[in-house]
Structure formats: C-alpha cells, structure tokens
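Trainee: Just dropping this structure here.
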Amino acid sequence: MPAASTLTNGLLGGEGRLTVRKAWIVAGVAISSALAFVMLLVVGVYLVAGNLVNGVGGGAKSLAKGSVPAAYAALVQKWGNLCPAISPALLAAQLYQESGFNPRAQSHAAAQGIAQFIPGTWASHGIDGDGDGDRDVWDPKDAIPSAASYDCELASYVKKVGGNATENMLAAYNAGAYAVIKYGGVPPYSETRNYVKRITTLSESFAAPVGRVDPSEQAAAAIEYAQKKLGTPYLWGGTGTAEQGGRFDCSGLTQAAYETVGIKLPRVANDQYNAGPHPSRDELLPGDLVFFSDDLTNSRAIRHVGIYVGGGYMIDAPRTGAVIRFDPIDTPDYFGATRVTEDGAKALPTTV
C-alpha cells in the first residue's frame, strides 16, 4: 500500500485536483465548500490514524442499530447475556456466520435453521426457548436460545482453562472441549484459530460501540479511486470490468474502491455493512461507507451504499440513468455507516 503522504498528495494535486474541481464546478458553490472540507478531513484521517492505536472498547453488551433483523433482535439481546462468555454481539456474529439470519437455512451437511444445528447436536442441546412445549430447530424462538445455551455449556466445560473465556468457548465450539483442555487454551489448529478470530472480529460489527471508532488508514485511497469515477454512467450489476465499460452499481463501486488498498469487500451492500464497526452520524469520517434502506430496523434489507467524503456528502452510483456523483446522505432512508477494517472484511462469511 502506498505511504500516507503519497496518497494524500495524490488527492490534493495533479489529475485528482482537476477531476474534483470539474465535478464541483458542475455541482455549484454549496458543494464546492463541502469539497474543501472533504480535503481537510481526508488529510486528517491520516494524521489521526497515525496516532491512534486502540480500537473499539471491549465489553459491549448492546447491539448496533438494525444490525440484527428486528424479528430476532430481542431474542439475541436477551439470550446473548445468558453467561459471561458470550454477548449479544457475539451471538449475532455466530448466527450471521452460520445462516445469514435465515431460519430456513439448510446445509449439505444437514445443519438446520438459523443456528445451523446438526440433528445429533440438536437432540442433545436443543431447548424449548419459548416454552410452548416443543423444541423446533426451525423456530428461531427455540434455535437462538439453544445456540446461546450451547455456547454457555461449552464455556462451562472449559471454565478452568486459563486465558480468554470467550475465545476458549469458541475454540471448543469448533474443535471440541477436549482439545481446549488438552492444550490449555485455543488449540494450535489453523482452522480453529481462524474461526476464533473471525467470530470475535465479526462481533464488532454487531456491537454498539462503547467508545471511539478509530479511522481507517485506507480511507483516502478509497476516496481517491471513487473521485476518478465521477461522471461514469451507472450499470446495474456493474463491477467496473472492461467488458462493462468500466461502469458500476453502488456496491460494485465501493468494493472496487477498497480493493485498491487490498481490502476485499463482499459484492452486495447489506453484507458490506458488516465489514467493521459502526460510527454514529456525528462521528463520520471520509472513507466510511454509508448505507440506505427502506427498513431501518434490518441491515439485511439495505439496498444502497456510498462512500462518505465529508460535509454531509457521499460519492455513489445511484441508479440506472444516473452517473457516479456526489449526493447528500441526510435523507429519510439513511440507515447507518461502517468504518471498514481489513480484519472486519476478512471475517465476513462468503456463503450468506
């Protein structure tokens, strides 16, 4: 990745300056003022990012707004506090990883429901979460409580093992409690260690931040890429290939922008939402992804994404018949934002 100074100079001089200037002349005086603010903020991203070392604070117990579909949010919030080894965000991350919150999901290995229990495990560990007299793996009111109960049962098996109780629980989920006890913690299996890291990282995108959300070091380069595409006609399904004439749809543009700095985002907007923690509206920084939906209670219903550039504006590919352009973000369908992280993107499942 180029040095910060190289990226910043690219934004402020040469071809980048001409591209931006042309766009803002067309957009008018009001947006010109916003762009000047954008440039100051983009430079600030690097100045701040170079000095901050701590990420989102630990111990978050509340879910980020809309990160879990409204039909399941109360269940996840309640059962995610069943024992100290889990949290609502961690339980949400597991459900998202397993099924994408699809209560009818079924895998080739016969795993079933929103929590993807295999029949043998369900027979031993499924509980009647809603007290209606049955244990139904296809009913989230049973399956979500059962997932939390199973996590806590695993945590109890390895509670005497030293180290991080949550990581030990996740390792037991993946490799079995015996392996965790044998090795005195997360066993040295690459699959298990990757699973532990993936779920703990993914949980950050479901937790309401309890402190500062640090800026992304890759933000300026992502913005620079998007700026060079201003005026490009929209193409539904477009990812910028030569065969498509270098055209994009909304998530194709954001995916391509972050790919220039080595971050591989999912193809669709609602999965891109889970690529990092979620700053509030007044904490937005250039480079954050901003999302829009007709259902503000469900991140799975997100239908549009853009790249925030400061001053209340984003660069986005809005719709058929339009071009990549600057648009305001403060609209009734504004859902929220994500500060993309490399680890967050890597943690996302590829099958939801």
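Trainee: Could you sort Ser107, Ser293 by their accessible area in this structure, using a 1.4 Å probe and putting the largest first?
Mentor: Greatest to least solvent exposure: Ser107, Ser293.
Trainee: List the trypsin sites (Lys or Arg not before Pro) in region 136-238 that DSSP assigns to loop (not H, G, I, E or B) and whose Cβ has at most 10 other Cβ atoms within 10 Å. Which are they?
Mentor: Lys160
Trainee: How many nm is it between the label spots at Thr350 and Asp330, if each spot is 7 Å from the Cα in line with the beta carbon?
Mentor: That separation, rounded to one decimal, is 4.2 nm.
Trainee: Between Ser156 and Tyr183, what length comes free when the chain is fully extended (0.36 nm per residue of separation minus the Cα-Cα distance, one decimal in nm)?
Mentor: 8.1 nm
Trainee: A further question follows. Which whole number in µm²/s is D for region 217-347 by Stokes-Einstein, with the Kirkwood Rh taken over Cα pairs at 25 °C and 0.890 mPa s?
Mentor: Estimated via Stokes-Einstein, D reaches 173 µm²/s.
Trainee: With a cut-off of at most 16 other beta carbons within 10 Å, and DSSP calling the residue loop, which chymotrypsin sites (Phe, Trp or Tyr not before Pro) in region 77-177 qualify? Please list them.
Mentor: Working: sites: Trp79, Tyr96, Phe101, Phe117, Trp122, Trp138, Tyr150, Tyr157, Tyr173; in loops: Phe101, Trp138.
Answer in residue order: Trp138.
Trainee: Still on this structure, I have one more. Debye sum, Cα scatterers, region 56-120, no solvent: what log₁₀ I/I(0) at q = 0.17, 0.28 1/Å?
Mentor: At q = 0.17, 0.28 Å⁻¹ the computed log10 ratios are -0.60, -1.19.
Trainee: Could you work out how much longer the chain between Asp128 and Gln244 gets when fully extended? Use 0.36 nm per residue separation minus the Cα distance between them, nm to one decimal.
Mentor: Length difference between fully extended and current span is 36.6 nm.
Trainee: Which length gain, in nm to one decimal place, applies between Ile118 and Asn164 when the Cα-Cα distance is subtracted from 0.36 nm times their residue separation?
Mentor: The span from Ile118 to Asn164 would gain 13.9 nm if fully extended.
Trainee: Shape verdict for region 70-206, please, from the Cα gyration tensor: rounded (a/c under 1.5), prolate (a/b greater than b/c) or oblate.
Mentor: Because a/c hits 1.5 or more and a/b exceeds b/c, region 70-206 counts as prolate.
Trainee: For the residue pair Val323 and Lys264, what label-to-label distance in nm results when each label sits 7 Å from Cα along the Cα-to-beta-carbon direction?
Mentor: For the pair Val323/Lys264, the computed spacing is 3.3 nm.
Trainee: Okay, moving on. Just tell me which lysines come within less than 25 Å, Cα to Cα, of Lys182; anything on the same chain fewer than 8 places away is out.
Mentor: Lys159, Lys160, Lys197
The values are calculated or read from the model by the stated rules, or taken from the named source; none is laboratory data. Owing to the predicted nature of the structure, the values given are computational and were not obtained by experimental measurement. Every residue, glycine among them, receives a Cβ derived from its backbone with ideal geometry; neighbour counts consider all protein chains shown. SASA here: full protein model, heavy atoms, side chains in, ligands and nucleic acids out. Shrake-Rupley method; radii C 1.70, N 1.55, O 1.52, S 1.80 Å.
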